[in-house]
1. Any idea what angle helix 2-11 forms with the longest principal axis of the chain, computed on alpha-carbon atoms, 0 to 90 degrees, nearest 10?
2. Quick check on the chain: helices-only [θ] at 222 nm, where DSSP H runs of length 4 and up contribute -39,500 (n - 2.57) each and the sum goes over total residues. Nearest 500, please.
3. Tilt of helix 100-111 relative to the longest C-alpha principal axis of the chain, in degrees (0 to 90, nearest 10)?
4. What FRET efficiency would be calculated for the residue pair residue 63, residue 23, taking the C-beta separation as r and a Förster radius of 22 Å, to the nearest 0.05?
5. Once you have the alpha carbon radius of gyration of region 1-109, what is it after dividing by 2.2 N^0.38 Å, with N set to its residue count?
6. Between residue 74 and residue 43, what is the FRET efficiency for a Förster distance of 25 Å, r being their Cβ-Cβ separation, to the nearest 0.05?
7. Could you calculate the FRET efficiency of residue 4 with residue 33 from 1/(1 + (r/R0)^6), where r is the beta carbon distance between them and R0 is 30 Å, rounded to 0.05?
């Protein structure tokens, strides 16, 4: 992500960044009876397929804000995506969200001479 930030800055088409977002698909396992499954989420038969949207905003003259939204992806029998449902956590994920990939992107962008 650092190199991607450098490349985008070098390209010169981004201008001043007001926010950056990273969107990815993932498997999610949930704790059951207070214990996490003893396998990777991709192997967990009770896993959920999710879309994770994380972001940083307020990059110019404001206090940075972390954003995290997770959607459960629901597919039909043929595997086609049919629905996205808000996935809610017991705790507010924005209070504990960490964004190392976005921070690496910003460090690379600004290291290449991008404007803050």
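Derivation of every value follows stated rules applied to the coordinates shown; laboratory data play no part. All of these numbers come straight from a predicted model, not from anything done at the bench. Virtual Cβ from ideal backbone geometry, glycine too; neighbours counted across all protein chains shown.
1. Approximately 50 degrees, to the nearest 10.
2. Details: 3 runs with 26 residues, N = 116.
The per-residue figure over the chain is -6000 deg cm²/dmol.
3. Relative to the chain, helix 100-111 is tipped by roughly 10 degrees.
4. Efficiency at R0 = 22 Å is approximately 0.40.
5. Details: Rg = 17.0 Å, N = 109, 2.2 N^0.38 = 13.1 Å.
In units of the globular-protein estimate, region 1-109 measures up at 1.30.
6. Working: r = 20 Å, r/R0 = 0.81.
Efficiency at R0 = 25 Å is approximately 0.80.
7. Details: r = 41 Å, r/R0 = 1.36.
Efficiency computed from Cβ-Cβ geometry: 0.15.
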